[in-house]
Amino acid sequence: MMNLVIQSHNVELTEKLKLYVEKKIGRLERYLPDIDDVKVELREEKARSSSDRQIVQVTLRSRRTILRAEERTADIHASIDAVSDKLERRIRRFKGKRARNHKRAIAEANSLEQSVSPVADLLDEDVMSDGNIVRTKRFEVYPMDAAEAIEQMEMLGHDFFLFLNADDGQINVLYRRRSGDYGLLQPDIA
C-alpha cells in the first residue's frame, strides 16, 4: 500500500480535490505495484499566462526508483490529469526498457555460455546568479551501473544524475550532452 502525501500552496485542498488526486494517482499503482511513497504538490503561481498558473508536481518512490513529473495548466484538475498521464507513460516506457534489457542480458549470457570455457564462468541544488545557495536537497544513493543511472535520469526528466557507481564504489555524475549522448564524470580523489 502506497503512502500518499498531498501538499497545497495557494490552492484550497477540498475533500473533493483530495479524492480526485487519490483516484488519479492511485491508479498508477496498477502499472507499478511496488510504489512506497507518493508526494503530490498542488500550487498556484502568479504567471504572465493564466494557462500556466495551476501546477501539479508528483514524486513517486519505489524500492530503488524515483519518478517525477510536473504539469502546468489553467485548471488544477487538468494539471492532475496531465501529470497522471505523463507518469503512466514514463512507467510503461521504464518497464519496457527493463524487459528489453533483461531479454538482451539473457541472450548475451547464453551466447557467452556457449563461447566461454566452463572455467571462466546513482541533487538538486538551485543557485542564483550571485552564487547564493537557495535550495538544498538530501537523497539516498544506491549502488548502480551507468545504464541504471541513465534510466533513473530519464525517469526523473533531469539533465544530470548523481549516483554511487557499483563498479568502483565512487560517486559519479551522469549528464546529457547537447548531442543527446551522455557524459560521465568520475572524480579522482587528490
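Before moving on, here are some points about what is shown:
- From phi via Karplus (6.51, -1.76, 1.60), per-residue ³J(HN,Hα) for the stretch 72-87 in Hz, x at Gly/Pro: 10, 9, 7, 10, 4, 5, 5, 5, 5, 4, 5, 5, 5, 5, 4, 5
- Relative intensity of the stretch 35-75 on a log10 scale, I(q)/I(0) at q = 0.27, 0.31 Å⁻¹, equals -0.82, -0.96, per a Debye sum over C-alpha point scatterers of equal strength in the absence of solvent.
- Rh (Kirkwood; distinct C-alpha pairs) - the stretch 3-97, Å: 13.5 Å
- Pair E154, A78: separation of 7 Å Cα→Cβ label points (nm): 3.0 nm
- Cβ crowding within 10 Å ranks F163, F94, F139 as F139, F94, F163, fewest other Cβ atoms first.
- Computed E for K137/Q170 - FRET, C-beta separation, R0 22 angstrom, nearest 0.05: 0.60
Computed from the coordinates by the stated procedures, all read-outs in this text should not be read as laboratory data. What you see is a predicted model, and the numbers here were worked out from it, not measured in a lab. No Cβ is skipped: glycine too gets one built from the backbone with ideal geometry, and neighbour counts run over all protein chains shown.
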